[in-house]
Amino acid sequence: MKENYVIGIDFGTDSVRALIVDAHTGSYAGTAVHEYSRWKQGKYCDASISQFRQHPLDYLEGLEYAVTKALESAPEGVRHKIRGISIDTTGSTPVAVDKFGTPLSLLPEFAENPNGMFILWKDHTANAEAEEINRLAHSWDIDYTKYVGGIYSSEWFWAKILHTLRTDIGVREKAFSWVEHCDWISAELTGNTDPLILKRSRCAAGHKALWHENFDGLPSNQFFKELDPLLNGIRGRLFSDTYTSDVPLGTISGEWAEKLGIPADVVIGVGAFDAHMGAVGALIEPYSLCKVIGTSTCDMLIAPNEEVGHLLIQGICGQVDGSIVPGTLGMEAGQSAFGDIYAWFAKLVTEPVRSLLGESAAKELSEKLLPHLAEQAALLPVTEKDIVAIDWLNGRRTPDAKHTLKGAILGLNLASDSPRVFKALVESTAFGSKSIVERFRSEGVPIHEVIAIGGVAKKSSFVMQTLADVLNMPIKVATSEQACALGAAMFAAVASGIFESLQQAQEAMNSGFDAVYYPRPDQSRVYQSLYTKYLQSGKFLENEFLQAAPGVSQEVL
């Protein structure tokens, strides 16, 4: 059999990973990771106003380094047998581009301007714009939010564009169009980033940019003009058609082929978001909820169009034909913070140590802290009198997006030590997951099983057991620690013609599962009671506490 290799490239929040896979056996031939240097230094970000930007040079440098190092680690001759490359990224992570498709921050005059950079998925500077989009859409003759759960989010494409155009005259005058990260970096590999002709991701456009076939593409220009005259005409500089990720985007450019040392006929596939390709890498099936668990979560679900396509599922992050697996309805939900909540608590504990005892002591504590807290928390009983926390430290993504909400810890007393607080925080993230499951079910979409991938799923048995207990469902953990990159590699194998269908690629390249967490009946019964308190506390926090502070905005709270 002829040897064929493909590369899946996974652009995460902190780093980019390249994975070389034998398309016929699924074995890994090489891998490498590159951390974004500017992002690691905290450049262009301001957490106090929820501004998170990434420079395209981080992406370009990371792409070259990760692929080059992965190829160097592969057996001799593999680089000459590369047939396809596909890419996944975070999202919605758009950037302003000129008429050639060049991100503005790659131009000298915008090199240090955060508004000319990629606006990361977790940037919430456009909360006000998201609310305006919702108000207008709900009063328009067509509700353009009906396929994205009825609520448009500040984490998404249009809110970020409008906020940037309003706040930066220079970017407003220079920006010709806007492109998602997964579209731009894939097009960059082909050497043709013209925003008017590059193939846009169905996944990105449908879930974040209000694209739908029933709208003849994007919402009407009249809608955008009414929203703000600054958007007048922008629809014509964007796109009408979208493509699923089994479709080839183009062929690698001569420059990139030479730079990476791979064949000049390598096919580049249409890109997509990391969680969606990760679900493919984890062998998602109809009515299996695939949870990508890391700093936040993305919850993926697929179902036959003929069974649920008629439903309009409220409060989720969209339902899009082919966004995950071509030919099926892809549904997305998620939590704005999951592992980030644990990291926040760890920082809360370690920062005074850093100030008082120095960097080395803080580093040692940081490395040991969360595993220690998890070990101690696992020994604690689960009772109906336990502390209850609300997981909205970065707002609420689903159900019912509202990023101005804040988190809380309730029921503290003088016996509330760090393991008990940590336990409550872990339970809060599990309760947030349960609220998503319950929303799908209440909207008529069953969930038969749960699949987990991502760093938290692989590293913390305490978190995963708690999640299984709260959901009262078994959770399968995918073997691959690189499920997103593996899913991208599967799509590359289809886009390059090695396989005729995604199902064939999954069957040949999958890694299976290496752990299953089963719910413990006694804990699950108590957690049902605590979950009721979680819902009551969240309702109070949203409807009473945040509304009751006179003269104080929700942003401050």
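The values are calculated or read from the model by the stated rules, or taken from the named source; none is laboratory data. Fair warning: this is a prediction, and the values are worked out from it, not measured in the lab. We place every Cβ from the backbone using ideal geometry, glycine too, and count neighbours over all the protein chains shown.
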TODO: Taking K476 as meeting all but one of (1) assigned to a helix (DSSP H, G or I); (2) over 23 Å from H372 (Cα atoms); (3) charged (D, E, K, R), write down the number of the exception.
DONE: (1)
TODO: Please give the number of the condition K291 fails out of (1) basic (K, R); (2) modelled with pLDDT of 95 or more; (3) over 26 Å from the mean Cα position of the chain (by Cα).
DONE: (3)
Task: Cβ pairs under 6 Å, 6+ apart, first in the stretch 462-487 and free of Cβ contacts under 8 Å to residues at least 40 places away in the same chain, second part of a helix (DSSP H, G or I) - done: E481/K458
Open item on the list: Of everything in the stretch 201-240, what is at positive phi and either crowded, with 24+ Cβ neighbours inside 10 Å or polar (S, T, N, Q) (or both)? Give them in sequence order.
Closed with: L210
Open item on the list: Here is a list: G278, G261, G271. Which entry is over 24 Å from G512 (Cβ atoms), in contact with a strand residue (DSSP E or B) (Cβ under 7 Å, 6 or more places away or on another chain) and at pLDDT 95 or above?
Closed with: G271
Open item on the list: Among the residues of the stretch 331-338, are any surrounded by fewer than 21 Cβ atoms within 10 Å (Cβ to Cβ) and not charged (D, E, K, R)?
Closed with: no
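Of the residues that make up the stretch 48-58, is at least one assigned by TED's automatic domain parsing to the domain that holds V247, at pLDDT below 95, surrounded by fewer than 18 Cβ atoms within 10 Å (Cβ to Cβ) and assigned to a helix (DSSP H, G or I)? Show your work before the answer.
First, pick out the residues of the stretch 48-58 that are assigned by TED's automatic domain parsing to the domain that holds V247: 48-58.
Filter once more, so that each one left must be at pLDDT below 95: 48-50.
Those still in the list that are surrounded by fewer than 18 Cβ atoms within 10 Å (Cβ to Cβ) too: 48-49.
Next, from what is left, pick out any that are assigned to a helix (DSSP H, G or I): 48-49.
Looking through the stretch 48-58, at least one residue is assigned by TED's automatic domain parsing to the domain that holds V247, at pLDDT below 95, surrounded by fewer than 18 Cβ atoms within 10 Å (Cβ to Cβ) and assigned to a helix (DSSP H, G or I).
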TODO: Name the single residue, out of those in the stretch 241-271 being of a type outside the set (G, A, S) and assigned to a strand (DSSP E or B), that is surrounded by the most Cβ atoms within 10 Å (Cβ to Cβ).
DONE: I268
Open item on the list: One residue is enough: does the stretch 436-445 have a residue meeting the conditions out of contact with any strand residue (DSSP E or B) (no Cβ under 9 Å at 6 or more places or on another chain), in the same structural domain as E375 (by TED's automatic domain parsing) and not in a helix (DSSP H, G or I)?
Closed with: yes
- [ ] For residues that are within 11 Å of the chain's Cα centre (by Cα) and of a type outside the set (F, W, Y), scanning just the stretch 1-15, find the one that is nearest to I119 (Cα to Cα).
- [x] T13
Task: Selected residue [modelled with pLDDT of 95 or more, crowded, with 17+ Cβ neighbours inside 10 Å, of a type in the set (A, V, I, L, M) and part of a helix (DSSP H, G or I)] from I313, I302, I341 - done: I341
Task: the stretch 382-396, residues that are touching a helix residue (DSSP H, G or I) at 6+ places or on another chain (Cβ under 9 Å) and either farther than 26 Å from D299 by Cα or not in a strand (DSSP E or B) (or both) - done: V382, T383, E384, D386, I387, D391, W392, N394
